[in-house]
Amino acid sequence: MAEEGVRIDVWLWRARLCKTRALAAAKAGEGRMRLTRGEASGRIDRASRTVRVGDEIAFAIGMRAFAVRVLALGTRRGPPAEAQGLYAQIEDS
């Protein structure tokens, strides 16, 4: 049975958007990330929040703002080329 969702900290680590899972959990716990699923949007305030394929996540790393769409959940923290296939950056319109 395929996974329907994965914890946000695990996904950020697999997608190589955070260097360690501990940093990903801390980033999620700050409450400064936004998750959009369909028409619903809400703040991520804990590392155990589930993300699914099709979700959009907005957050900042340092002074750079990112908005990404989840394309895949991944099964491991693979090489950068594999990690880049887990998301697509959302362009500002």
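The values are calculated or read from the model by the stated rules, or taken from the named source; none is laboratory data. Just so it is clear, the model here is predicted, and its values are computed rather than measured. In this analysis, Cβ positions are derived from the backbone assuming ideal geometry, glycine residues included, and neighbour counts consider all displayed protein chains. Surface accessibility is based on the protein's heavy atoms, side chains included, excluding ligands, DNA and RNA. Shrake-Rupley method; radii C 1.70, N 1.55, O 1.52, S 1.80 Å.
Treating only the Cβ of Lys, Arg, Asp and Glu as charged (+1, +1, -1, -1), what charge dipole size does the chain show about its Cα centre? Round to the nearest 20 debye.
400 debye
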If I build a Gaussian network model for the chain, linking alpha-carbon pairs within less than 10 angstrom, which residue out of Arg16, Arg43, Arg64 has the largest mean-square fluctuation? Arg64
Check each of the GluC sites (Glu not before Pro) in the chain and keep only those in coil by DSSP with at most 16 other C-beta atoms within 10 angstrom; list them in order. Glu3, Glu4, Glu30, Glu39, Glu91
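Counting only C-alpha contacts under 8 Å and six or more residues apart, can you give the relative contact order of the chain as a whole percent?
27 percent
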Quick one: among Ala22, Ala58, Ala47, which has the greatest mean-square fluctuation in a GNM of the chain with alpha-carbon springs under 10 angstrom? Ala22
Could you give P(r) for the chain, binned at 5 Å from zero, as whole percent values over all Cα-Cα pairs? 3, 14, 26, 30, 18, 7, 1, 0
Dipole axis of the chain (+1 Lys, Arg; -1 Asp, Glu on Cβ), positive-most option in Ala22, Gly85, Ala65: Ala22
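Could you compute how fast region 1-47 diffuses translationally, taking Rh as the Kirkwood radius over C-alpha pairs and applying Stokes-Einstein at 37 °C with viscosity 0.692 mPa s? Give it in µm² per second.
Using the Kirkwood radius from Cα pairs, D works out to 294 µm²/s.
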Taking square-rooted eigenvalues a ≥ b ≥ c of the alpha carbon gyration tensor, is region 38-83 rounded, prolate or oblate, where a/c under 1.5 means rounded and, failing that, a/b exceeding b/c means prolate? oblate
For the chain, what % of the accessible area comes from carbon and sulfur atoms, probe 1.4 Å? 50 percent
Taking 7 Å along the Cα-to-C-beta vector as the label spot, tell me the Arg52-Gln89 distance in nanometres, rounded to one decimal. 2.8 nm
Have a look at Ala15, Ala40, Ala67 and tell me which one the Gaussian network model of the chain (Cα, springs below 10 Å) gives the largest fluctuation. Ala40
Area accessible to solvent at Ser41, 1.4 Å probe radius, in Å²: 70 Å²
